[in-house]
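What follows is a short report on a single structure.
The values are calculated or read from the model by the stated rules, or taken from the named source; none is laboratory data. Quantities reported herein were computed from a predicted structural model and do not represent experimental measurements. We place every Cβ from the backbone using ideal geometry, glycine too, and count neighbours over all the protein chains shown. Remember, those area values only see protein heavy atoms, side chains included, never the ligands or the DNA or RNA. Shrake-Rupley method; radii C 1.70, N 1.55, O 1.52, S 1.80 Å.
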Amino acid sequence: IQELLRVMRTIDDRIVHELNTTIPTASFVGKIDAGQTCKELYQSLMDAHTSRERIIKNCIAQTSSVVKTLREEREKAQDDLALLKQLRKEQTKLKLMQSELNVEEVVNDRSWKVLS
């Protein structure tokens, strides 16, 4: 998921470049509708943020469900070390995904500040 998010964050990573190529220089002012181009960039950014948030939240929900199931199994089989190891692995994965929401918030804030 981290690789997928990295690729999906390309628009945010390149926001300054996108703005520099969106706003026309004096010689191109009449040839490019900067307002329309900015609106399109805004919409692309909104779509990207919405998609990433949805993906992260879906992963959190799925992993939370797995953790819940493993906890229930763990209560029944206290001595199962393999089950404990799997539970810890899933809990770590869940924490990582939850931290991605914080990363997403920082990335989004930065992009909106630049766009503004």
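Assorted remarks:
- Identity of the residue in the stretch 73-116, within 18 Å of the chain's Cα centre (by Cα) and among the basic types (Lys, Arg), that ends up surrounded by the fewest Cβ atoms within 10 Å (Cβ to Cβ): Lys113
- Looking across Arg52, Arg110, Arg88, Arg71, one residue alone is basic (Lys, Arg) and in contact (Cβ under 8 Å) with a residue 60 or more places away in the chain. It is Arg110.
- Flag for Lys85 being at pLDDT 90 or above and in a helix (DSSP H, G or I): yes
- Options Asp47, Asp12: the member that is under 15 Å from Ser111 (Cβ atoms) and either at pLDDT below 85 or surrounded by 12 or more Cβ atoms within 10 Å (Cβ to Cβ) (or both): Asp12
- For the stretch 21-34, the set of residues classified as within 27 Å of the chain's Cα centre (by Cα) and either modelled with pLDDT of 95 or more or open to solvent by less than 50 Å² (accessible area, probe 1.4 Å) (or both) consists of Thr22 only.
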